[in-house]
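Working notes for the structure below.
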Amino acid sequence: MATVPTKVGFVSLGCPKNLVDSEVMMGMLAQAGAELTSAAEDADVIVVNTCSFIGSAQQESVDTILEMARLKTGGRAKKLVVAGCLVERFRDQIRRNIPEVDAVVGTGELERILAATGVAGAATRPSPFTILTSRPEGDHRRANGRFARDSWDGAVADLPNYLYDEATPRVLATPGYTAYIKIAEGCDHPCSFCIIPQLRGQFRSRRFESVVAEAERLARSGVREITLIGQDTTCYGEDLGLKDGLPLLLEKLAGIEDLRWIRFLYAYPNKITGKLLDTIAAHEKICSYIDVPLQHASATVLKRMKRGGGADLFLRSVEKMRRTIPGVTLRTSFIVGFPGETEKEFEELREFVREAQFDWMGTFGYSDQEGATAFDQGKKLSLREIEGRRKSLMTIQKRISRAKKKALIGREFELLLEGASEETDLLLAGRTPMHAPEIDGKVLVNDYPEGVAPQKGEFYRCRVTAAHDYDLVAEIV
Ligand code: SF4
């Protein structure tokens, strides 16, 4: 008698890096015979892949686990599994405080998802998952305690050291025309507000050939847009002894015929080299788009954040990016309300934002993380002050964005159509090379020539006809 496959429902929270982990776990489960469902209420097993980046992300993770626990007690699900960053941080508390949770899977043990869900079948090959490369900088920081988490309740002693490869099964959760590729995992930087290194381990890169092989496979399966991700993509290859690893990788991927757009996210400011900029400028398929989270612009705050740099240096760097890549789209993000941030330091940041004129900008209020160096430093600002500063910075950016978007009216761009707009079926929506998936504004399409039937996942030429604060309106030409 044929066995009925176990239905597994996945809830993936947090950033694209976590999404790729979810896709890998779904791939392993599907390969082992499980049926995946997007409706948690229909699932025999529910997996929540959590985020632990900042306080609000942790709260969202806990709320989701509790919601899924209710589905387990009052519904069909027999098992609840929690995976991801929250497990690395609060392994024992989750088990102790939420008895409905049957198993936990940390960020470094994704292959355990089969045993955790109880899905029959085993990995079809020996585990390829342990990568043993590191950067001297990371080794040095490790020796000095950067990755220590001994005081964390239930944290396992071994740091995560997992990376998928091109042969790892993966089920894409993104539309078929676009995919993320994680090219590296972990982070060696010392940023004092961040516990991601303790959650994700030391920086390690995937093999060059592995990334290329995955990109080729994705292109053969219909993917046209690739977004390279990692905690810091600009360090790519350093642990493998590769010089200019990211530019070489981008160049190689640009040679894959079926790919149309290639971009990378999360550049570290002082790792944006002339070679990287030249490579972006030289290849049409590499989107003229740089996402460089700067976190602050006041040199004194940046020093306390253990990042270095400052407004003058950053302005010169921005100017160089614009000079080398005419028309480049620049995205950044900032943290406001860092412990001890004075009015004067915040004003430096405001002034920098006015001068730098970023195309896209995100602002996070500082979130206190036990285990991060900043936790014990400086005078903490109140939540009200932090939120006030966040709003104040976003007000400046809104004006900049509005003017920048208005200046695009009348210009033509390549457009990737993504289907009906979320707001109304009367409009279509898409993105241009200026828009990375999910994080940037969008292009609303309100007109196209007679005889054209626009298709989701296809590329068109569009002309911008109107602009809002962050979104554009365009017609297909
Ligand atoms: S670069 Fe800094 S903020 Fe980003 S993951 Fe690494 S330590 Fe955290």
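Scanning the range 164-193 for residues that are aliphatic (A, V, I, L, M) and within 16 Å of the chain's Cα centre (by Cα), which turns out nearest to the ligand (Cβ to nearest atom)?
Of everything passing the filter in the range 164-193, Ala184 is nearest to the ligand (Cβ to nearest atom).
Selection over the range 421-459 of residues that are aliphatic (A, V, I, L, M) and within 27 Å of Ile325 (Cβ to Cβ) gives a count of 7. Counting only strands (runs of 3 or more DSSP E) that fall entirely inside the range 412-477 and contain at least 2 residues that are modelled with pLDDT of 95 or more and over 28 Å from the mean Cα position of the chain (by Cα), the qualifying elements are 459-467, 472-476.
Does Gln295 satisfy being buried (at least 20 other Cβ atoms within 10 Å of the Cβ) and on the phi > 0 side of the Ramachandran plot? Let's see the steps before the verdict.
Values: buried (at least 20 other Cβ atoms within 10 Å of the Cβ): yes; on the phi > 0 side of the Ramachandran plot: yes.
Taking the combined requirement at face value, the residue satisfies it.
Residue count for the range 294-316, restricted to those that are touching a residue at least 24 places away in the same chain (Cβ under 8 Å), within 16 Å of the ligand (Cβ to nearest atom) and closer than 16 Å to Tyr268 by Cα: 10.
On the stretch given as the range 9-28, residues that are closer than 21 Å to Lys72 by Cα and surrounded by fewer than 21 Cβ atoms within 10 Å (Cβ to Cβ) total 1. Among the residues of the range 194-229, those identified as of a type in the set (Gly, Ala, Ser) and away from the ligand (no atom under 16 Å from the Cβ) are Ser210, Ala213, Ala215, Ala219, Ser221, Gly222. The residue of the range 150-171 that is modelled with the highest pLDDT, among those that are over 20 Å from Leu242 (Cβ atoms) and surrounded by 19 or more Cβ atoms within 10 Å (Cβ to Cβ), is Arg170.
Run down Phe334, Phe338 and say which single residue is buried (at least 19 other Cβ atoms within 10 Å of the Cβ) and either free of Cβ contacts under 8 Å to residues at least 60 places away in the same chain or away from the ligand (no atom under 16 Å from the Cβ) (or both). Give the derivation first.
Details: Phe338 fails: either free of Cβ contacts under 8 Å to residues at least 60 places away in the same chain or away from the ligand (no atom under 16 Å from the Cβ) (or both).
So the residue among Phe334, Phe338 that is buried (at least 19 other Cβ atoms within 10 Å of the Cβ) and either free of Cβ contacts under 8 Å to residues at least 60 places away in the same chain or away from the ligand (no atom under 16 Å from the Cβ) (or both) is Phe334.
Scan the range 29-52 for residues that are without any contact (Cβ under 8 Å) to a residue 60 or more places away in the chain, in a strand (DSSP E or B) and surrounded by 24 or more Cβ atoms within 10 Å (Cβ to Cβ) and the total you get is 4. Scan the range 230-238 and give yes if some residue there is more than 16 Å from the ligand (Cβ to nearest atom) and on the phi < 0 side of the Ramachandran plot, otherwise no. Looking for residues that are more than 16 Å from the ligand (Cβ to nearest atom) and on the phi < 0 side of the Ramachandran plot, one finds none in the range 230-238, hence no.
The values are calculated or read from the model by the stated rules, or taken from the named source; none is laboratory data. Being a predicted model, the structure only gives us computed values, none of them experimental. All Cβ positions, glycine included, derive from the backbone under ideal geometry; neighbour counts span all protein chains shown.
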